Amino acid sequence: MGMLCAVSFNRYGRLYYLDPGEFSPKVGDRVLVPTDDGPEVAECVWAAQWVSEDTAGYPRVAGLADDNDLRRDELLRKRKAEAKTAAKKLIKAHELPMKVVAVDHVLDQAGTGGARTTIYFTAPHRVDFRSLVRDLGATLHCRVELRQLSARDSARVQGGIGSCGRDLCCATFLTDFEPVTIRMAKDQDLPLNPLRISGACGRLMCCLKYEHPLYAKFAESAPAVGTRVTTPEGDGRVVAHSVPKDEVVVRMDADGSRCSCSRASVCGPRQAYESR
């Protein structure tokens, strides 16, 4: 058990959880977050609270941002914006099929020429951008790296709103992309319309995996669609499943009406029932 707070480097961006340590940041406070390139400024969006899980493995807040930190953060954001604008112009000039997704910049801390800009992009195929890197370096006066992102990584970096109306899972709390298959959509009786089961990245939605184990477990014990069953209301044939309600929908032999029955109340295949 320990305390955690949540911060974000961009408004409505991905949340990062940190141990507040000796500090007590409130919502809206700017805090320093340790990174590989030194502490960076982020906004606290969830004040420090006690949580039941072990917090030993979480990074610790490096401190509250002061005026110097805020000025440095403002300069950093300005450099990123300039780099993004320059990259778009040069990509167009070189006629490359690239789309700039995000830009990272590391400031020169001690005048040693250590400034570095990393530009993340998407493209339909591998691109030869060596001449572009040279022109970017000459324009931005720093070392430039270009990194191509997959469709899923692009959605995670940019963020957005899913069809459910909530922030994209990959941009808020997912840390790893796990395989998602069309079988998961079929098992959940979802329409196989790409527009209905695809996320902002154009790939199958990650959330198809969330409830799939529940549907798989239900299918192990529930009678399959088309199976004849005996219910408290009489005999009939299973025509659908309602997994969230733990029910099966049965069309009754007597009058053709549909009846929702709990999984536990359905006796199972008629043949198995008659063989008892």
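What follows draws every value from the coordinates through simple rules; no lab data is involved. Not measured: the values here are computed from a predicted model. Note: ideal-geometry Cβ built from the backbone for every residue, glycine included; neighbour counts use all protein chains shown.
For the chain, give the magnitude of the charge dipole about the Cα centre (Cβ charges: +1 Lys/Arg, -1 Asp/Glu; no others), in debye to the nearest 20.
It works out to roughly 1140 debye.
Model label sites at residue 193 and residue 54, defined 7 Å from Cα along the beta-carbon direction, differ in position by 4.7 nm.
Taking R0 as 51 Å, what's the FRET efficiency between residue 211 and residue 96 from their Cβ-Cβ distance, rounded to 0.05? Could you put the intermediate results ahead of the total?
Values: r = 41 Å, r/R0 = 0.81.
For R0 = 51 Å, the calculated efficiency reads 0.80.
Given R0 = 45 Å, the distance between the Cβ atoms of residue 225 and residue 47 translates into a calculated FRET efficiency of 0.35. For residue 149, the residues whose amide H sits under 5 Å from its own are 121, 122, 123, ignoring neighbours fewer than 5 places away on the same chain, with H placed 1.01 Å from N. Report the label-to-label distance for residue 123 and residue 74 in nanometres (one decimal), using points 7 Å from each Cα along the Cα→Cβ vector. According to this spin-label approximation, the distance is 3.7 nm.
Within straight cross-link reach of residue 186, meaning Cα distance under 24 Å, which lysines are found once same-chain residues fewer than 8 apart are removed? Of all the lysines, those that pass the test against residue 186 - Cα under 24 Å, at least 8 places apart if same chain - are 209, 217, 245. The slack in the chain from residue 107 to residue 35, taken as 0.36 nm per residue of separation less the alpha-carbon distance, amounts to 24.6 nm.
Of the GluC sites (Glu not before Pro) found in segment 28-95, those in coil by DSSP whose Cβ has at most 12 other Cβ atoms within 10 Å are 53, 95. Partners of residue 26 within straight-line reach, counting aspartates and glutamates whose Cα lies under 12 Å from its Cα and excluding those fewer than 8 residues away in the same chain: 43. Taking every C-alpha pair closer than 8 Å and separated by at least 6 residues, the mean separation divided by the residue count of the chain gives a relative contact order of 10 percent.
Placing unit charges on the Cβ atoms of the charged side chains and taking the dipole of segment 2-65 about its Cα centre, the candidate lying farthest along the positive direction among 42, 63, 21 is 42. Candidate cross-link partners of residue 92 among the lysines, defined by an alpha-carbon separation under 29 Å and a same-chain spacing of 8 or more, comprise 78, 80, 84.
Taking Cα pairs under 8 Å and at least six residues apart, what relative contact order does segment 154-209 come out at, in percent? Write out the running numbers ahead of the final one.
Working: 51 pairs, mean separation 19.2, N = 56.
The value is 34 percent.
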